[in-house]
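The values are calculated or read from the model by the stated rules, or taken from the named source; none is laboratory data. Bear in mind that the values here come from a model prediction, so they are computed numbers and not experimental data. Reconstructed Cβ throughout: ideal geometry from the backbone, glycine too, with neighbour counts over all protein chains shown. Remember, those area values only see protein heavy atoms, side chains included, never the ligands or the DNA or RNA. Shrake-Rupley method; radii C 1.70, N 1.55, O 1.52, S 1.80 Å.
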Amino acid sequence: LRLAERQQAALTWATPESVKVMIDNVEAVTSGSWAGAEAFTTYEMEPGKYRLRLCKIASKASARPGEVIEFTLRFDNQGDGPITNTVIIDNLTTRLDYIAGTAQSSVDADFETFVNEAESTALKWTLKKPLAVGKGGIIRFHCRVR
């Protein structure tokens, strides 16, 4: 129940389109759902190959300006082979400011921020090593509500 609540909380701060996954320099296609208790999204290059399942949660569904929200992204390789050259991008809504220095990754990754087309902040993690079948990782970061 707690996971479902935190998934719903994440949805209040973003849209499913806010998270993008690139595999081998190509944007992966989403399949799966962001609705209800099964709020996982699967990113695929081809059906059954290079499947990365991602779940995003937030520490709270509502907050006042100045309050801090912690976000967590859990990702897992559910495909039939290793995933190489993986990039995860989270485009924040304009209601949120990323708090510098709070980004953490359980796997070795390069991290950067940039301003996207919507003029909000995008957070980008480029995994340094292939992600083996059945393996995954966790990304965490904090944002302040504007």
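Odds and ends about this structure:
- Residue pairs whose Cβ atoms lie under 9 Å apart, separated by 6 or more positions or on different chains, with the first residue in segment 82-105 and over 24 Å from Y43 (Cβ atoms) and the second of a type in the set (S, T, Y), are T94/S120; T94/T121; R95/S120; D97/T121; A100/T113.
- Residues (on the phi > 0 side of the Ramachandran plot and either of a type in the set (G, A, S) or in contact with a Phe, Trp or Tyr (Cβ under 7 Å, 6 or more places away or on another chain) (or both)) located in segment 107-145: G134
- Residue, modelled with the highest pLDDT, within segment 50-102, restricted to residues that are open to solvent by less than 30 Å² (accessible area, probe 1.4 Å) and either among the small types (G, A, S) or out of contact with any strand residue (DSSP E or B) (no Cβ under 6 Å at 6 or more places or on another chain) (or both): A63
- Residue that is surrounded by the most Cβ atoms within 10 Å (Cβ to Cβ) [pool: residues in segment 103-146 that are among the hydrophobic types (A, V, I, L, M, F, W, C), within 16 Å of the chain's Cα centre (by Cα) and not in a strand (DSSP E or B)]: A103
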